[in-house]
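The values are calculated or read from the model by the stated rules, or taken from the named source; none is laboratory data. Everything numeric in this text was worked out from a predicted model, so none of it was measured. Here Cβ is always computed from backbone atoms with ideal geometry, including for glycine, and neighbour counts include all displayed protein chains. These area figures cover heavy atoms from the full protein model, side chains too; ligands, DNA and RNA do not enter into them. Shrake-Rupley method; radii C 1.70, N 1.55, O 1.52, S 1.80 Å.
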Amino acid sequence: MFEQFMAFLPSILFIVKGSIVTLKYSIISVCFGLIIGVFLAILKVSKIFMLRLFADFYTSIFRGTPLLIQLSIIYFGLPIVIGVKLGVFSAGIIAFSLNSGAYVSEIIRAGINSVDKGQFEAAKALGIPEALMMKDIILPQAIRTILPSLVNELINLIKESAIISMIGEMDLTKRAQLVSAETFNFFAPMLVAAASYYILILIISKLAKLLEKRLSK
Amino acid sequence: MIRLEKICKKYNENYAVKDISLNFSANETICIIGSSGSGKSTLLRCINHLEEATSGQIFINNERLTSKNRKRLCLKIGMVFQNFNLFPHLNVLDNLTYSPINALGMKRNITELKAKELLERFGLSQKLASFPKDLSGGQKQRVAICRALMTDPEIMLFDEPTSALDPEIIKDIIEAISLLKAQMTMIIVTHHIKFAKLVSDRIIFMDHGLILADHSNKEFFEKPRSHRARLFLENVGDLT
């Protein structure tokens, strides 16, 4: 039993190392997603109809189609249309960020709407321009209510980033598949991958709880 | 100082404010009273463009208020709200200095000095570093008044400044307003009659979006001419 385990150990390490790849994709994408999301959310609460229309359209497209298709279009489709071949990494980050932006924008829009109307009025009465008001007055107050949903989005992204294995990135999922194929063992490698995802998400949830506590002080 | 000409504000098909023309002279303290839904807050909020009037014109120092010059003209107008609307994530000092420094480009050290002077004048010098949640209602409202005073306004608008306060704290606000009296034009919307009687020079009584009475303080309380105003005074008589 022990010998069997020792024989399998290098494979376990090989799979677990995929966590770094998975984390890299999800964290970078959630950061870009946040930037896109904030931008779209501000468009969504703007007074200009065309801007709202654009932001709503963007969200409906990215929420209404599978991420796998979006990634395929960006990685396989774009080279045909515009003749630029994106690398696996760029294609993955672009697809995940654009997709995540759509979800994050809805989270932030709800957060902005949760801030008391009086705050907007006070800012207006004090002559604070809209952009400054959003950045310094409204968003800092919204962040408290939206933090749990943002963490949820990061967790989703960690799991959904498994799709990147389809275009050949050596993430957790891909590594588990490789080991499975090599050893004809389809149980243990997948179990190792599942445990790695689970632990990653557990750590992130704990960190988020701590952050939430600090913010609510 | 301020001239309103035929101000109307419609929500859907209902008039909140109907055809109101008024003149406010410099350094006058005016209370607009009336029951809730009488349109008094809406009228006040039209003056600094928090609400855009459906029709009619507003002149501030003979300059017509439009959405273009709104920002410049409204610098002369400070506003205090019923629920204070302090920024909860900024401390008292930053609440006062945020807009002058970041939006109006004033120097930090000058602005902070000015803020500290104001806070001292209103008995808040111990509270510089406190956050709004640690202040009492009366303190919050005084901070809100100081914040509105940071731009040296010529006009102060008060929207129900005492409604969210306990009765025993209202004298704080009366004192604060007395400090400013005759130094600027103050327009105070309130349904607190005793308060109106104590602080105002002139009383405007509104009902259903119309002005039913516009008299000097003395005249209004001693011999109210309008029947509605008399009824209103009699109804609230036992509360005052």
>> For Cα pairs less than 8 Å apart in space and 6+ apart in sequence, what is the mean separation divided by the residue count of chain B, i.e. the relative contact order in percent?
In response: 28 percent
> Which cross-chain or sequence-distant (5 or more) residues have an amide H under 5 Å from the amide H of residue B:158, H modelled 1.01 Å from N in plane?
Replying inline: B:80, B:187, B:188, B:189
>> Apply the Karplus curve 6.51 cos²θ - 1.76 cosθ + 1.60, θ = phi - 60°, to the phi angles in region B:101-111 and return the couplings in whole Hz, x for Gly and Pro.
In response: 6, 8, 9, 10, x, 7, 6, 4, 5, 5, 4
>> As a test of the formula, what do you get for chain B when each DSSP H run with n ≥ 4 contributes -39,500 (n - 2.57) and the sum is divided by the residue count, at 222 nm and rounded to the nearest 500 deg cm²/dmol?
In response: -9500 deg cm²/dmol
> If you line up the long axis of helix A:2-16 against the longest principal axis of chain A, both from Cα atoms, how many degrees apart are they, to the nearest 10?
Replying inline: 30 degrees
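Quick one: length gained pulling residue B:181 to residue B:113 fully straight, 0.36 nm per residue minus the C-alpha distance?
Length difference between fully extended and current span is 22.2 nm.
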>> How tilted is helix A:188-216 with respect to the longest principal axis of chain A? Cα atoms for both, answer in degrees (0 to 90, nearest 10).
In response: 30 degrees
>> Can you tell me the length gained on complete extension of the stretch residue B:120 to residue B:13, counting 0.36 nm per residue apart and subtracting the Cα distance?
In response: 33.7 nm
>> What's the ranking of A:169-177, A:80-88 by average number of surrounding C-beta atoms within 10 Å, highest first?
In response: A:169-177, A:80-88
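In peptide A:126-134, how many Cβ atoms from other protein chains are near each Cβ within 10 Å, on average? Walk me through the numbers on the way to the answer.
Values: counts 16, 12, 7, 4, 0, 0, 4, 3, 0.
Taking all residues of A:126-134 together, the mean is 5.
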> In the full protein assembly as shown, how much of residue B:108 is accessible to a 1.4 Å probe, in Å² to the nearest 10?
Replying inline: 130 Å²
> Averaged across the residues of B:133-140, what count of C-beta atoms belonging to other chains lies within 10 Å of each residue's C-beta?
Replying inline: 0
> Given the options B:106, B:186, B:79, which has the most mean-square fluctuation in a GNM of chain B, springs set between C-alpha atoms less than 10 angstrom apart?
Replying inline: B:106
> Looking at the protein assembly as shown from every direction and averaging, what is the projected area of its Cα convex hull in nm²?
Replying inline: 30.2 nm²
> Using 0.36 nm per residue, how much length does the chain from residue A:76 to residue A:207 gain when fully extended, once their Cα-Cα distance is taken away?
Replying inline: 43.5 nm
> If the cut-off is a Cα-Cα distance under 15 Å, which aspartates and glutamates reach residue B:68, setting aside same-chain residues fewer than 8 apart in sequence?
Replying inline: A:130, B:51, B:52
> How much mean residue ellipticity at 222 nm does chain A get from its helices, if each DSSP H run of length 4 or more adds -39500 (n - 2.57) and you divide by all residues, to the nearest 500 deg cm²/dmol?
Replying inline: -26000 deg cm²/dmol
> Using a Gaussian network model of chain A with C-alpha springs under 10 Å, which one of A:94, A:42, A:20 is most mobile by mean-square fluctuation?
Replying inline: A:20
> Using the per-residue mean of other Cβ atoms lying within 10 Å as a proxy for protection, in what order, highest first, do the peptides A:4-14, A:188-198, B:91-101 fall?
Replying inline: B:91-101, A:188-198, A:4-14
>> Per residue, how large is the accessible surface of chain A? Use a 1.4 angstrom probe and give square angstrom.
In response: 55 Å²
> Can you list the residues, at least 5 places off or on another chain, whose amide H is less than 5 Å from the amide H of residue B:56, using H built in the peptide plane?
Replying inline: B:8
>> Taking beta carbons within 10 Å but only from partner chains, what does the mean come to for residues B:96-104?
In response: 4
> Using the Karplus equation 6.51 cos²θ - 1.76 cosθ + 1.60 (θ = phi - 60°), what ³J(HN,Hα) coupling, rounded to whole Hz, does each residue of region A:66-72 give in order, writing x for Gly and Pro?
Replying inline: x, 4, 4, 5, 4, 5, 5
> Using modelled backbone amide H atoms (1.01 Å from N, in-plane), which distant-in-sequence or interchain residues come within less than 5 Å of residue B:17's amide H?
Replying inline: B:9
> According to a simple spin-label model (label point 7 Å from Cα along Cα-to-Cβ), what is the distance in nm between residue A:181 and residue B:222?
Replying inline: 10.0 nm
> Can you tell which of A:127, A:208, A:82 lies farthest toward the positive end of the dipole of chain A, using +1 and -1 charges on the Cβ of basic and acidic side chains (Lys, Arg; Asp, Glu)?
Replying inline: A:127
> Which translational diffusion coefficient, to the nearest whole µm²/s, is obtained for region A:2-216 from the Stokes-Einstein equation, given a Kirkwood hydrodynamic radius over C-alpha pairs, 10 °C and 1.306 mPa s?
Replying inline: 82 µm²/s
>> Among A:6, A:162, A:54, whose Cα projects farthest towards the positive end of the dipole of region A:2-216, with charges put on the beta-carbon of Lys, Arg (+1) and Asp, Glu (-1)?
In response: A:54
> Between the DSSP loop rule and a limit of at most 12 other Cβ atoms within 10 Å, which GluC sites (Glu not before Pro) in region B:1-76 are left?
Replying inline: B:13, B:52
>> Defining a contact as two alpha carbons under 8 Å apart and six or more residues distant in sequence, what relative contact order in percent does region A:2-216 show?
In response: 30 percent
>> Quick check on my link table: of A:135/B:181; A:117/B:40; A:135/A:159; B:18/B:71; B:9/B:223, which ones sit more than 27 Å apart, alpha carbon to alpha carbon?
In response: A:135/B:181; A:135/A:159; B:9/B:223
>> Need one number: buried accessible surface between chains A and B, 1.4 Å probe, both sides summed, DNA, RNA and ligands left out, in Å² to 100.
In response: 1700 Å²
>> Please list 3J(HN,Hα) in residue order for region B:81-93, calculated via the Karplus relation 6.51 cos²θ - 1.76 cosθ + 1.60 where θ = phi - 60°; whole Hz, with x for glycine and proline.
In response: 9, 4, 9, 6, 6, 5, 7, x, 8, 10, 6, 4, 4
